[in-house]
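Student: Have a look at the structure that comes next, please.
The values are calculated or read from the model by the stated rules, or taken from the named source; none is laboratory data. Every value quoted in this text rests on a predicted model; they were computed, and no experiment measured them. No Cβ is skipped: glycine too gets one built from the backbone with ideal geometry, and neighbour counts run over all protein chains shown. With ligands, DNA and RNA removed, areas are computed over all heavy atoms of the protein, side chains included. Shrake-Rupley method; radii C 1.70, N 1.55, O 1.52, S 1.80 Å.
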Amino acid sequence: MSLSRRTKAVAAVAGAAAIALLATGCSAGDSSSSGGSGDKVELTVTTFGTMGYDDLYAQYEADHPNITIKPTNIDTGDNAKTDWQTKAAAGAGLPDVQAVEEGWLSAVMQVSDQFNDLSDYGADEIKDRWVDWKLAQATDKDGRLIGYGSDIGPEGLCYNRTAFEAAGLPTDREEVATLFGGDDATWDKYFEVGQQYKAATGKAFYDQSGFLWNAMVNQQPEGYYTKDGELNVDGNKDLQKLWTTLSAATESGLSANQTAWDWGKGKAFTDQTFATFVCPGWMLGVVKGQVTAAGGDATTGWDFANVFPGGAANWGGSFLTVPTQSKHPKEAAELAAYLTDAKSQAAAFGVAGTFPSVTAAQTDPAVTGTNELSTFFNDAPIGEILAQRADGVVAQYKGPDDSVIQSQVFGPAIQQIDSGKADGAAAWDNALELLNQLVVNK
């Protein structure tokens, strides 16, 4: 992610070249090569981040003795996008099942004919599984469904109880939600509490500014693009006002200036370098992984509150697609359908916190009850919280260079204010300069 999940992407020019090559470089897979049901078939799968599929792969292989799954997991969505573009441009190397992140789905949709229409492999029989807007996102202008939705990314607030206690702030998650304003939580209130925390402890309040900026943008009716696909940054007073608010808070010392996706190999999560963290569902698995990597555990003190500054927000959410490069599209589509059914999405949630986009899974006991992840977060009812946080979420249109703008335009600008190398106004001007260099309004 970019700052988008799960886009240290290549330069926008290189990305555009990859897309151009994509239109001529891919050849359709031959479904006749899939063979009969008794033939041995190896299916390659490329995912990113923490998607919780490992146990599901093993179960699928056990249930389908003729299928062997060869998974590849890429660290971030940014790097996964680069991997996809490179292999698509080369016309070879893409997997049978390709995970696509919401932030670069629009780029995929520009070349949707290079992905199989899943309606040819039974999608019409199962398309009522998903929330309507998730299904619509993966349907191209010709009505072809090219991806099965995995998760969606409603956001709540992760906080460290030990750090809050040291600052004299409430630690009970319901009281924490009230502290930030409950249903009326605002970014101004969040930064106000941050100033209280810093005054009491002398420490930063959030890990770095990028994830906050991402959330702020995602909360707008229109983000970096209008609904009509036009660039929506230069002259956007709403975004500029949010940038001014965020940069002022960062300049006052509320940011810990951490490197996203690293956090000192997780140490910043265990030594109270910061006290709060923005958490879409899938990020809960990331937090747990970081704490564990640094030698921590549930006693490190991380919890999850049913509140989010600025209201409902969705960050991320993925799709499983079948590129036309696949030599086994039928089997690949069947695997993608399995990995995104209600039972599988509920199981993945318990491991990774990926909140289901399948409606039946959202009320599954594996989601609403106790699981490995909820235990780590002080027995927080994370499934119930995320279901409430999903209320009011509307999918924001993501343009073809959305992830480029997030990571390569605003990413450097955010680093400038986090490191103190530029104030908010100068960093905004620098971002606009980069925007004009890297992104062309299509």
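Student: Looking only at region 218-233, which residues are of a type in the set (Asp, Glu) and open to solvent by 70 Å² or more (accessible area, probe 1.4 Å)?
Tutor: Asp228, Glu230
Student: If I ask for residues that are over 23 Å from the mean Cα position of the chain (by Cα), hydroxyl-bearing (Ser, Thr, Tyr) and open to solvent by 50 Å² or more (accessible area, probe 1.4 Å), which ones from region 234-269 would you list?
Tutor: Within region 234-269, just Thr244 meets the criteria.
Student: If Val322 meets every condition in (1) crowded, with 23+ Cβ neighbours inside 10 Å; (2) within 30 Å of Met109 (Cβ to Cβ); (3) out of contact with any strand residue (DSSP E or B) (no Cβ under 8 Å at 6 or more places or on another chain) apart from one, which number is that one?
Tutor: (3)
Student: Among the residues of region 412-423 satisfying the criterion of being in contact with a Ser or Thr (Cβ under 7 Å, 6 or more places away or on another chain) and crowded, with 24+ Cβ neighbours inside 10 Å, which is farthest from Ala361 (Cα to Cα)?
Tutor: For region 412-423, the residue satisfying everything is Ile417.
Residues are listed down the side, and each one gets a yes or a no for (1) open to solvent by 50 Å² or more (accessible area, probe 1.4 Å); (2) in contact with a Lys or Arg (Cβ under 8 Å, 6 or more places away or on another chain); (3) in a helix (DSSP H, G or I); (4) under 22 Å from Pro154 (Cβ atoms):
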residue: Gly392; (1), (2), (3), (4): yes, no, no, yes
residue: Tyr397; (1), (2), (3), (4): yes, yes, no, yes
residue: Ser403; (1), (2), (3), (4): no, yes, yes, yes
residue: Val409; (1), (2), (3), (4): no, no, yes, no
residue: Ala427; (1), (2), (3), (4): no, no, yes, no
residue: Glu433; (1), (2), (3), (4): yes, no, yes, no
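Student: What are the residue pairs meeting all of these: first residue in region 228-252, first residue not assigned by TED's automatic domain parsing to the domain that holds Gly194, second residue surrounded by fewer than 18 Cβ atoms within 10 Å (Cβ to Cβ), Cβ atoms under 6 Å, and 6 or more apart or on different chains?
Tutor: Cβ pairs passing all conditions: none.
Student: How many residues does region 182-198 hold that are in a loop (DSSP other than H, G, I, E, B) and surrounded by fewer than 20 Cβ atoms within 10 Å (Cβ to Cβ)?
Tutor: So the count comes out to 1.
Student: Now for a different question. Report whether or not Phe355 is within 29 Å of Asp184 (Cα to Cα) and in contact with a Pro (Cβ under 7 Å, 6 or more places away or on another chain).
Tutor: yes
Student: So which residues in region 228-252 are within 30 Å of Val193 (Cα to Cα) and either modelled with pLDDT under 95 or not in a helix (DSSP H, G or I) (or both)?
Tutor: Val233, Asn236
Student: OK, next. For region 162-181, name all the residues that are closer than 25 Å to Met216 by Cβ, hydrophobic (A, V, I, L, M, F, W, C) and either open to solvent by 10 Å² or more (accessible area, probe 1.4 Å) or in a loop (DSSP other than H, G, I, E, B) (or both).
Tutor: Answer for region 162-181, where residues must be closer than 25 Å to Met216 by Cβ, hydrophobic (A, V, I, L, M, F, W, C) and either open to solvent by 10 Å² or more (accessible area, probe 1.4 Å) or in a loop (DSSP other than H, G, I, E, B) (or both): Ala167, Leu169, Ala177, Leu179, Phe180.
Student: Which of (1) crowded, with 24+ Cβ neighbours inside 10 Å; (2) assigned by TED's automatic domain parsing to the domain that holds Phe191; (3) not basic (Lys, Arg) does Asn306 not meet, given it meets every other one?
Tutor: So the condition that Asn306 fails would be (1).
Student: Ok, one more. For region 355-367, enumerate the residues that are open to solvent by 10 Å² or more (accessible area, probe 1.4 Å), outside any helix (DSSP H, G or I) and hydroxyl-bearing (Ser, Thr, Tyr).
Tutor: Within region 355-367, Thr363 is the sole residue that qualifies.
Student: Go through Tyr159, Tyr148 for me and flag whichever is closer than 29 Å to Val217 by Cβ, among the hydroxyl-bearing types (Ser, Thr, Tyr), assigned by TED's automatic domain parsing to the domain that holds Gly353 and at pLDDT 95 or above.
Tutor: Exactly one residue qualifies, and that residue is Tyr148.
Student: Right, something else. Any residue that is farther than 26 Å from Arg129 by Cβ and open to solvent by less than 40 Å² (accessible area, probe 1.4 Å) - is there at least one of those in region 327-347?
Tutor: So far as region 327-347 goes, no, none of its residues is farther than 26 Å from Arg129 by Cβ and open to solvent by less than 40 Å² (accessible area, probe 1.4 Å).
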